[in-house]
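The next block holds one structure in the form of structure tokens; read it before the comments.
The values are calculated or read from the model by the stated rules, or taken from the named source; none is laboratory data. Owing to the predicted nature of the structure, the values given are computational and were not obtained by experimental measurement. Here Cβ is always computed from backbone atoms with ideal geometry, including for glycine, and neighbour counts include all displayed protein chains.
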Amino acid sequence: MTERMFRLLELHQKLDAAIRRMKTGRHEDPQEVARLMKRKTRLRDGMARLLPPARALASL
């Protein structure tokens, strides 16, 4: 795993934890939760672009 992928994965986990905390907290801010979820999705998509295509892996 590259350092960049590791950092992206780490940030993804931190966003996931922040979303869970916000959803279980007293004063849930739906707009902030939505913003964090969109950021998490963009980050996941970015990580997927760094991975080789599944077909390339299947032929190895």
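When you scan the range 43-57, do you find a residue that is modelled with pLDDT of 90 or more and either over 22 Å from R4 (Cβ atoms) or of a type in the set (S, T, N, Q) (or both), even just one? No, every residue in the range 43-57 fails to be modelled with pLDDT of 90 or more and either over 22 Å from R4 (Cβ atoms) or of a type in the set (S, T, N, Q) (or both).
Is it the case that G25 is at pLDDT below 95 and touching a helix residue (DSSP H, G or I) at 6+ places or on another chain (Cβ under 8 Å)? It is false that G25 is at pLDDT below 95 and touching a helix residue (DSSP H, G or I) at 6+ places or on another chain (Cβ under 8 Å). Return the residue satisfying two criteria in turn: it lies in the range 7-41 and is of a type in the set (G, A, S) and in a helix (DSSP H, G or I), and of such residues it is farthest from the chain's Cα centre (by Cα). Checked the range 7-41; the qualifying residue farthest from the chain's Cα centre (by Cα) is A34. If the condition is being small (G, A, S) and surrounded by 11 or more Cβ atoms within 10 Å (Cβ to Cβ), then the range 12-39 contributes A18, A34. Annotation note: Cβ proximity below 6 Å between a residue of the range 1-17 that is more than 19 Å from K38 (Cβ to Cβ) and free of Cβ contacts under 8 Å to residues at least 60 places away in the same chain and a residue that is of a type outside the set (F, W, Y) and part of a helix (DSSP H, G or I) (sequence gap 6+ or interchain) occurs for M5/L50.
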